[in-house]
Each structure stands twice: as C-alpha cells, then as structure tokens.
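What follows is a single structure, written as structure tokens, with notes after it.
The values are calculated or read from the model by the stated rules, or taken from the named source; none is laboratory data. On a predicted model such as this, the values are computed, not experimentally measured, just so you know. A quick note on method: Cβ atoms are made from the backbone with ideal geometry, for glycine too, and the neighbour counts reach across all protein chains shown.
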Amino acid sequence: MTRVNLALLILIACVASLPLFGGAYALRVGTIACMYAVFALSWNIVGGFAGYPSFATAAFFGFGAYATGILLNKGVPLSVAVIGSLVMCFLLAAALGTVLLRLRGHYFAIASLSLVEVFREMVNNATDLTGGGMGLNIPLASGSGILADATFFFYAMWALLLIAAVVVMIVSASKLGFGLNCIRQNETASNMVGLNSTLYKSVAFGLSACFVGAAGGIYAAWVHYIDPSDVFDILHSVKPIVMALMGGLGSPLGVVCGAFVYLGLEEVVWRNYIQIHSGVLGLLIIMLLLFLPHGLISLRSGMFWRKAKHV
Amino acid sequence: MLAVQVLVNALVLGCLYACIAIGFSLVWGVLNVINLIHGSFIVLGAYLAWGAYQWLGISPWYALVIAAPLFFAFGYLLQRLLLNRVISAPVLVTLTLTFGLDLILNNAMIYYFKADYRKLTLSPPTGSISLFDVVVPVDRLIATASALALTGLLYLLLRRSKVGRAIVAVRLDRDAAVLMGVDVKSIYAIAFGLGAALAGCAGVLMALIFPISTLTSSAYLGKAFVVCVLGGLGSVSGALAGGLLLALVEGIGSTLIGPAHATTLSFVLLIIFLVVRPQGLLGRKGFE
C-alpha cells in the first residue's frame with residue numbers, strides 16, 4: 001500500500017466520525033459529500049485512468065435510483081435492491097461500453113451525453129412503471145425517527161464510498177489499471193502489443209457505472225421521491241468532472257479531496273448567492289481551468305519553498 | 001394527404017434545424033471545440049428579437065441584421081480572451097470551459113428575463129397558406145426561407161471570400177495553413193464569432209415560431225449535436241442534410257409512434273450513427 005492510498009483511507013475514516021460533531025445538517029452534508037466522492041472516484045476510472053471524457057454519470061445515477069425505487073415499491077428489502085441495481089448498472093454499462101467506447105474524443109463525449117437524454121426520455125415515457133414526469137414515491141425504509149434515518153443513510157453512503165475507494169485502489173494497482181493507463185497514453189499502440197482494449201474499457205466503464213448506480217439507489221431511498229429531471233440532471237455528469245479537475249485528474253486521493261472541496265464551495269455559494277448560484281459555479285469552473293489546470297494535487301510538491309515544476 | 005403534410009412540415013423544420021446546427025458545426029470543425037454555449041446563444045438571440053419587438057417595435061426581420069454583428073463581436077471577444085488560452089488543451093478542458101460559460105450566460109438570462117415562457121406574437125398575425133390540403137403558417141415559411149438564406153450566405157462566404165477560404169484551410173490542415181501564412185488565431189476567433197452570429201440569427205428565427213425560455217437551450221444544443229453527427233462535420237451541405245433527416249425522422253416517428261418518443265428516437269439515431277457512420281451522411285473519412 002502506497003502512502004497516497006493510506007492517506008485516502010485515513011481521510012475516509014475521518015469522514016466517518018462526522019456524526020459525533022453535528023446534528024442533522026452535518027449528516028446531510030456528510031451524506032452528499034460521500035455521494036460526490038463516489039461520483040468522482042467512479043468517473044476517475046474511465047475519465048482519469050482510461051482518458052475517456054465520459055458524461056454518462058447522470059445516466060447511471062438515474063438508472064440506479066429508478067431501479068432501486070421500483071424494487072423498493074415492489075417490496076424488495078433495501079440492501080437487496082441497492083446491490084441489485086449495482087449489478088444491473090455494471091452489466092448495462094459494460095454492454096453499452098463495448099459499443100460506445102469504440103468512439104474517441106468528442107464523439108464519445110457526445111454519445112455519453114446523449115445516453116443521459118435517452119434514459120431520461122425512456123423513464124419519462126414509461127409512465128406505468130416509473131410514474132413518468134410525476135415522479136416516483138418511495139416508501140419509508142424504517143420508522144425509527146429522523147436522526148436515526150439520517151445516520152443510517154450517512155453510513156450507507158459512507159460504506160459505499162469505502163468500497164469504491166478500495167476497488168479503485170485495487171484496480172489502479174492491478175493489470176487492469178496498467179492496461180487503462182496504456183490505453184490513455186496510446187490506444188493504438190496498446191492494441192498492437194496485444195492488449196484487449198475493448199474488454200478493458202468495457203470493464204472500466206462498468207466499474208465506473210456500478211457505484212454511481214448504487215449511490216443513486218441509496219439516494220432514492222434517502223430522499224423518498226425522485227423524478228426524471230432531478231436524477232437525470234446533466235449537472236450530475238459535469239460535477240464529477242469539475243471535482244476531478246479540481247483535485248487532479250487520475251489521482252484517487254486528489255479526486256476525493258476535489259469532491260470535498262467542491263461540496264464546500266457549493267454549500268457556501270448556495271447559502272450566499274441562491275439566485276446566481278449556477279453562474280458562480282460557472283465562474284469557478286472557468287477560473288479553475290485557466291489558473292489551476294492540474295488541480296489541487298499539483299500544489300503539493302513543495303512549491304512553498306521550491307519553484308514549482310510543471311507537470 | 002397526411003404523408004404530404006408530414007413531409008412539408010419536416011422540410012420546413014429541417015431547414016431551421018440546419019440553421020441551428022451550422023454554427024455549431026463550424027466551430028466544432030474548425031476549432032475542434034464542442035461549443036456547449038451554443039444553445040444559450042440561440043436563446044439569447046430569441047430574447048433579443050423579443051425585446052426589440054416588444055420594447056422598440058423593431059420587426060424580427062430587422063432584428064436579424066442587428067443580431068448578427070452583435071453576436072459576432074461577442075463570440076469573437078469570447079474566443080480571443082478566454083477560449084484561446086486553452087485551445088490546445090485536451091477535449092475535456094475546452095468542453096468544460098464552454099460548459100462553465102454556458103452556466104454563466106444561462107444564469108444571467110434567468111436573472112434578467114425571469115424563468116417565464118415568453119412568446120413573440122406579431123400583430124397583425126401573418127396567417128397561413130393552404131395548398132390543396134397542406135397547411136403551412138406564413139411566419140414559419142418566412143423563418144425557413146431566412147434560415148435557408150443564412151445557410152446560403154455562409155456557403156458563399158466559405159467558398160468565395162478570402163477569409164472563408166482561410167477558414168476551410170485551417171479546418172483541413174492547421175499546420176499547413178500556418179505554413180501558408182494564415183493567421184490561425186484570428187481565424188479561430190472569426191470562426192467562433194461566425195458560429196455565435198449564426199446562433200443568434202437562428203435564435204431570432206426561433207422566436208417567431210417557438211416559445212422563448214432559457215430552459216429550451218439544452219434542447220437546441222441537443223438538436224445541434226444530432227444534426228452535426230447525422231450530416232457530418234464542418235460542411236454546410238452536411239448540416240442541411242442532417243437537419244432534413246432529423247426533421248423527417250422526428251416527423252415520421254411522432255406520427256407513427258407518438259410525439260413523446262420523438263426525442264428518444266433522434267438520440268437513438270445519433271448513437272447508431274456515431275457507431276456505424278461517425279463521419280455522417282456527407283462527411284468524408286478522416287475529416288474529424
């Protein structure tokens with residue numbers, strides 16, 4: 001285990017102690033923080049390791065949310081429903097990946113973006129299963145009080161984050177991670193040396209979708225009501241990219257830090273500038289891209305006493 | 001007769017779709033940037049037409065003449081001052097930058113115009129003409145004719161003028177164009193400005209037909225994506241072919257299986273085209 005991975009695990013462990021310090025608000029922010037970190041880590045598998053600019057996060061988030069919501073309405077227990085949507089998301093994404101990941105660059109970005117639209121329209125039109133534009137009500141999981149519920153969902157999301165982080169660490173140390181790295185650097189060359197890039201990319205796409213889908217499931221059970229424009233919001237696709245850019249592409253510790261910093265900024269902006277919050281977010285994105293293109297992680301290498309080297 | 005009506009509707013709408021997509025296609029083809037702010041430019045153009053008519057009494061035909069230079073200047077400056085700094089960065093960076101710009105513009109429009117739907121209603125109304133059993137509203141017809149005229153104008157510009165030839169040269173081979181003495185930076189800015197101007201003009205035309213709201217910007221952007229991919233990048237005729245094909249598919253699809261599925265159908269078509277024929281209907285291979 002490298003030092004960076006250890007730091008990531010310690011960071012996640014620190015987040016777990018959050019309920020000791022605050023009330024319901026801290027729990028809500030903590031749950032969202034874990035959800036965002038799962039988004040960023042998942043996106044990093046396909047966007048950071050393999051270098052494919054995916055905008056499909058919202059598609060699988062919504063898919064997971066609806067799959068869990070429908071299963072819960074049919075009386076399936078929460079744990080089974082979430083694990084079920086995780087598996088479904090993995091299989092669906094891996095299957096779609098074999099087709100979509102043939103595309104490169106802009107074309108892949110647009111195809112993954114339109115995946116969100118297709119899923120949203122399909123959910124919108126399948127009224128008898130999903131409730132369509134009216135949204136889907138999800139039964140309360142337990143009646144044990146607000147704070148107990150909030151604590152339960154916080155730890156559920158936290159556990160998911162822990163699993164995602166461990167999987168990402170295993171992937172990055174494994175042959176799969178090495179292969180994805182090769183694909184990012186030069187896909188044609190890695191094909192030439194006998195790497196099955198289609199398989200690698202599909203597995204990466206599946207892995208990047210399954211935790212997002214599970215997060216969607218927990219989210220659905222947590223908020224008790226979902227509708228297509230909420231869970232298939234294109235911002236769910238863009239936020240992980242901003243987080244990853246903020247923290248540093250490709251580094252698991254970096255993207256998790258990016259997710260937390262992003263959430264902090266978002267909370268401050270929401271609280272103070274409710275009318276222009278998305279404009280401020282846009283401004284933030286632009287500043288970030290212009291002035292800190294390699295993310296927060298690029299700040300670490302002793303730049304305070306040495307001249308910073310360009311990465 | 002229904003079939004003819006569907007066909008005529010598709011023809012009318014297709015030209016407008018082409019007009020939406022053509023600026024987007026130009027920017028994508030020349031700068032290699034997916035310009036996510038395009039949809040918001042269109043909505044801003046629509047608001048400009050609405051404001052000019054409502055407050056100043058300027059008819060939308062003249063608003064077209066006002067919109068073009070204003071949007072060109074806006075786009076030119078945006079590219080020169082902001083986009084140019086990251087133009088050689090990977091796809092992700094330019095894409096995210098235009099997304100950030102889009103958030104700002106969209107938010108600003110919601111702030112100033114509020115989120116209400118607005119409609120530009122001409123008085124007196126222009127009515128509609130019917131030939132045999134086919135009915136076409138006149139305002140829609142005029143909008144289509146203007147869209148075609150704009151498309152033709154861009155075609156002429158790219159074919160005949162010196163700047164246009166330089167734009168095409170940069171699109172074909174950037175490095176060779178530099179060697180031939182083309183100032184790539186200013187061509188980039190001009191191409192982006194042209195894209196913005198076309199988006200603004202398309203917005204003015206859209207204001208005649210559709211309700212105006214900031215919420216529609218992503219729908220326009222989606223149309224631009226689909227048309228570009230269907231028709232092929234960077235060529236005027238490609239955008240026209242893509243627009244007509246999209247309108248035809250949507251028209252036939254919504255007549256046969258219901259209008260709720262038209263959007264799904266168009267995006268499924270997009271994904272199929274991306275996988276099977278990424279160079280589009282009229283595009284040439286290796287041109288992306």
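Looking across A:Gly258, A:Gly247, A:Gly254, A:Gly264, one residue alone is away from every other protein chain (no Cβ under 11 Å) and in contact with a Leu (Cβ under 6 Å, 6 or more places away or on another chain). It is A:Gly247. Filter the stretch A:7-30 down to residues that are in a helix (DSSP H, G or I) and of a type outside the set (A, V, I, L, M, F, W, C) and give me whichever is modelled with the lowest pLDDT. Top of the filtered list is A:Pro19. Just to be sure, is B:Ala177 in a helix (DSSP H, G or I), in contact (Cβ under 8 Å) with a residue 12 or more places away in the chain and hydrophobic (A, V, I, L, M, F, W, C)? Spelling it out, it is not the case that B:Ala177 is in a helix (DSSP H, G or I), in contact (Cβ under 8 Å) with a residue 12 or more places away in the chain and hydrophobic (A, V, I, L, M, F, W, C).
Conditions (1) within 14 Å of chain A (Cβ to nearest Cβ); (2) touching a Pro at 6+ places or on another chain (Cβ under 6 Å); (3) farther than 23 Å from A:Leu249 by Cβ; (4) not aliphatic (A, V, I, L, M), marked per residue:
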site	(1), (2), (3), (4)
B:Ile42	no, no, yes, no
B:Gln54	no, no, yes, yes
B:Tyr76	no, no, yes, yes
B:Leu81	yes, no, yes, no
B:Leu95	yes, no, no, no
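If you check A:Ala93 against the conditions, is it within 18 Å of the chain's Cα centre (by Cα) and either more than 10 Å from chain B (Cβ to nearest Cβ) or among the β-branched types (Val, Ile, Thr) (or both)? Yes. Within the stretch A:114-137, being away from chain B (no Cβ under 14 Å), touching a Gly at 6+ places or on another chain (Cβ under 8 Å) and surrounded by fewer than 22 Cβ atoms within 10 Å (Cβ to Cβ) holds for one residue alone: A:Asn137.
Residue-level analysis places A:Val261 among those that are surrounded by fewer than 18 Cβ atoms within 10 Å (Cβ to Cβ), modelled with pLDDT of 85 or more and assigned to a helix (DSSP H, G or I).
Could you please give the count of residues in the stretch A:31-65 that are touching a Gly at 6+ places or on another chain (Cβ under 8 Å) and part of a helix (DSSP H, G or I)? Even if it seems obvious, please write down each step before you answer.
Kept after step one, since they are touching a Gly at 6+ places or on another chain (Cβ under 8 Å), are these residues of the stretch A:31-65: A:40, A:44, A:48-49, A:53-54, A:60-65.
Then drop every residue that is not part of a helix (DSSP H, G or I), which leaves A:40, A:44, A:48-49, A:60-65.
Selection size over the stretch A:31-65: 10.
Which count do you get for residues in the stretch B:180-194 that are under 16 Å from B:Ile87 (Cα atoms) and without any contact (Cβ under 8 Å) to a residue 24 or more places away in the chain? Adding up the residues that qualify gives 3.
The one condition from (1) farther than 18 Å from B:Ala10 by Cβ; (2) touching a residue at least 60 places away in the same chain (Cβ under 8 Å) that B:Lys223 does not meet is (1). The C-beta contact set for the stretch B:240-266 (first residue away from chain A (no Cβ under 14 Å) and in contact (Cβ under 8 Å) with a residue 40 or more places away in the chain, second residue surrounded by fewer than 19 Cβ atoms within 10 Å (Cβ to Cβ) and outside any helix (DSSP H, G or I), distance under 8 angstrom, 6+ apart or interchain) comprises B:Ala241/B:Leu281; B:Ala241/B:Leu282; B:Leu245/B:Leu281.
Mind checking whether some residue in the stretch B:71-83 is among the polar types (S, T, N, Q), closer than 20 Å to B:Gly100 by Cα and either at pLDDT below 90 or crowded, with 20+ Cβ neighbours inside 10 Å (or both)? Yes: the stretch B:71-83 contains one or more residues that are among the polar types (S, T, N, Q), closer than 20 Å to B:Gly100 by Cα and either at pLDDT below 90 or crowded, with 20+ Cβ neighbours inside 10 Å (or both). Scanning the stretch A:66-92 for residues being under 17 Å from A:Phe153 (Cβ atoms) and not in a helix (DSSP H, G or I) gives a total of 1. Evaluating A:Ser79 against the criteria (1) within 30 Å of A:Leu20 (Cα to Cα); (2) within 10 Å of another protein chain (Cβ to nearest Cβ) leaves one unmet condition, (2). Only one of these is within 14 Å of chain A (Cβ to nearest Cβ), within 29 Å of B:Ser235 (Cα to Cα), out of contact with any Asp or Glu (no Cβ under 7 Å at 6 or more places or on another chain) and part of a helix (DSSP H, G or I): B:Asp139, B:Asp102. Name it. Among B:Asp139, B:Asp102, only B:Asp102 is within 14 Å of chain A (Cβ to nearest Cβ), within 29 Å of B:Ser235 (Cα to Cα), out of contact with any Asp or Glu (no Cβ under 7 Å at 6 or more places or on another chain) and part of a helix (DSSP H, G or I). State all residues of the stretch B:105-133 that are away from chain A (no Cβ under 11 Å) and touching a residue at least 60 places away in the same chain (Cβ under 8 Å); if no residue qualifies, say none. Passing the criteria: B:Phe113, B:Ala115, B:Asp116, B:Tyr117, B:Arg118, B:Lys119, B:Leu120, B:Leu122, B:Phe132, B:Asp133. Of the numbered criteria (1) at pLDDT below 85; (2) under 21 Å from A:Ser172 (Cα atoms); (3) buried (at least 19 other Cβ atoms within 10 Å of the Cβ); (4) within 14 Å of another protein chain (Cβ to nearest Cβ), the one A:Ile297 fails is (4). Annotation note: Cβ proximity below 8 Å between a residue of the stretch A:74-89 that is closer than 22 Å to A:Gly206 by Cβ and a residue that is surrounded by fewer than 20 Cβ atoms within 10 Å (Cβ to Cβ) (sequence gap 6+ or interchain) occurs for A:Gly84/A:Val76. Taken over the stretch A:231-253, residues that are farther than 21 Å from A:Ala209 by Cβ and either in a helix (DSSP H, G or I) or free of Cβ contacts under 8 Å to residues at least 40 places away in the same chain (or both) amount to 2.
More than 14 Å from every other protein chain (Cβ to nearest Cβ) and buried (at least 18 other Cβ atoms within 10 Å of the Cβ): is that true of B:Tyr62 in this structure? Here the answer is no, as B:Tyr62 does not meet what is asked.
Restricting attention to the stretch B:150-171, which residues are assigned to a helix (DSSP H, G or I) and surrounded by fewer than 13 Cβ atoms within 10 Å (Cβ to Cβ)?
The initial filter retains those residues of the stretch B:150-171 that are assigned to a helix (DSSP H, G or I), namely B:150-160, B:162-171.
Residues satisfying the conditions are B:Gly152, B:Leu156, B:Arg159, B:Arg160, B:Lys162.
Assess whether B:Ser123 counts as being touching a Lys or Arg at 6+ places or on another chain (Cβ under 9 Å) and modelled with pLDDT under 85. I'd like the intermediate steps shown before the answer.
On the way: touching a Lys or Arg at 6+ places or on another chain (Cβ under 9 Å): no; modelled with pLDDT under 85: yes.
In short, no.
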